[in-house]
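The next block holds one structure in the form of structure tokens; read it before the comments.
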Amino acid sequence: MAGFEQRLGAALQQRREQDLFRERLTLDSAQGPTVRVDGRELLNFCSNDYLGLASHPRVVESFRSAANTYGVGSGASHLVCGHSRPHQELEEALARLTGRPRALLFSSGFAANTGTLTTLLEPGDRVFQDRLNHASLLDGGLHSGARFRRFAHNDVADLARRLGAGDGPKLVVVDGVFSMDGDTAPLAELAALCRQEKAWLMVDDAHGIGVMGEQGAGSVQAAGLDTVDVPVLMATLGKALGTAGAFVAGDELLIEGLIQQTRNYIYTTATPPALAAAALAAVELLQEESWRREHLHRLIARFRHGAADLGLDLMSSTSAIQPLLIGDARQAVLFSQQLRERGLLVGAIRPPTVPAGTSRLRITLSAAHSEQQVDRLLEELGKCRCP
Ligand SMILES: *Cc1c(COP(=O)(O)O)cnc(C)c1O
């Protein structure tokens, strides 16, 4: 039997040979439309800071001022003595934003998803997930011990065929906006099917919160759905909200159930109170500065229009995620390197993050970009002969 060293070594070698080896960039600046890497300013088209709030002065100031009052470490888990006033106020603001009775903070989206799914589901239950769901949803479903089914991407008819047979609790889980494709789930149709089949619907709106819906309340609100239609709403704070962490919003029964039973909630240290204060400022900015969302959507339209003129193979997306399908992993990396030499940072996304043969440039737009910066991106994409 191979030891750990051989196994790790073989896996690394295989990734190198298949052009799937990943390397981290080290940034010497805040997130923004431009970032500093290796002494160069690069135009940034790969961050999830969709509204440009990660380094917004008011968000930074809230963080600083709460750190003065509350220090840095939260000191304990929420159920011991780590739950402070900023955490409480943020939960209340997130409940109001999403139009739900309550919200509960988690230290990351990954923890929120695996925690929620393993709490809700028991062996014998059935969970149905879109093929392209985020890894944390898939892991949570698998670890729960429930019978786990994946349905074809955004295919409500395929889900309906699978849901029909059998009884016992059923949970359908989708991303609101898919993280690597940028397209949106057919939430109204999914909710109607779930109502008919008496299944619960859970939506992970990591990429919809802040970007979709009135006041940035997200994809569920944009689809006109409420807590009865979508009992479990999860979203993260590390993307459009520019900070870190995540939350689940729902009714009293769900939230109290999670507080009492979810191991990822109970047995982990609460995030710093100052982080909650910063996220609270970001929630206020969502509501006060709707121009950010409007500007972002104008940039998305501008980019799609320009890309169509260039004949680029854009995927179908109305979100801030505008992937350019390349196919081959090596080719995607080459395009990404080419763009970087020209001063643009665009991520190449390869398997296992996306299915084999669908490597892509994952272009993300932000309200912090200017029209000129988007035009520059189009110009460089035109020159690099991406398909
Ligand atoms: C980023 C992301 C997560 C994980 O959230 P983190 O807070 O980064 O752990 C979960 N689901 C989706 C769809 C995501 O894109």
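The values are calculated or read from the model by the stated rules, or taken from the named source; none is laboratory data. Everything numeric in this text was worked out from a predicted model, so none of it was measured. FYI the Cβ positions are ideal-geometry reconstructions off the backbone, even for glycines, and counts take in every protein chain you see. In case anyone asks, the SASA skips ligands and DNA or RNA and just uses the protein heavy atoms, side chains included. Shrake-Rupley method; radii C 1.70, N 1.55, O 1.52, S 1.80 Å.
Applying the set (1) out of contact with any Pro (no Cβ under 7 Å at 6 or more places or on another chain); (2) modelled with pLDDT under 95; (3) closer than 30 Å to Gly327 by Cβ to Asp313 leaves exactly one unmet item: (1).
For Phe110, the requirement of being over 22 Å from Pro355 (Cα atoms) and within 14 Å of the ligand (Cβ to nearest atom) is not met. Give me the pairs, please: first residue somewhere in region 68-90 and at pLDDT 95 or above, second residue anywhere and loosely packed, with under 15 Cβ neighbours inside 10 Å, beta-carbon distance under 7 Å, and either six or more positions apart or on two chains. Close Cβ pairs (under 7 Å, with a partner that is loosely packed, with under 15 Cβ neighbours inside 10 Å) amount to Ser74/Thr269; Gly75/Cys81; Ala76/Thr269; Ser77/Tyr267; Ser77/Thr269; Gly82/Ala76; Gly82/Thr269. A single member of Ser144, Ser65 is modelled with pLDDT of 95 or more and closer than 22 Å to Pro231 by Cα, and it is Ser144. Contact map, region 357-382: residues that are of a type in the set (A, V, I, L, M, F, W, C) paired with residues that are open to solvent by 30 Å² or more (accessible area, probe 1.4 Å) and in a loop (DSSP other than H, G, I, E, B), Cβ distance under 8 Å, separation 6+ or inter-chain. Pairs shown: Ile363/Cys46; Ala368/Pro33.
From the list Asp251, Asp229, Asp204, the one residue that fits, being farther than 19 Å from Ser77 by Cα and either buried (at least 24 other Cβ atoms within 10 Å of the Cβ) or within 16 Å of the ligand (Cβ to nearest atom) (or both), is Asp204. Checking the structure you have, find out if any residue of region 350-357 is touching a Leu at 6+ places or on another chain (Cβ under 6 Å) and open to solvent by 10 Å² or more (accessible area, probe 1.4 Å). Scanning region 350-357, I find at least one residue that is touching a Leu at 6+ places or on another chain (Cβ under 6 Å) and open to solvent by 10 Å² or more (accessible area, probe 1.4 Å), so the answer is yes.
Any idea how many residues of region 176-200 are in a strand (DSSP E or B) and away from the ligand (no atom under 16 Å from the Cβ)?
Here is the first cut: in region 176-200, the ones in a strand (DSSP E or B) are 177, 184, 200.
If we keep only those that are away from the ligand (no atom under 16 Å from the Cβ) too, we end up with 200.
Total satisfying the criteria: 1.
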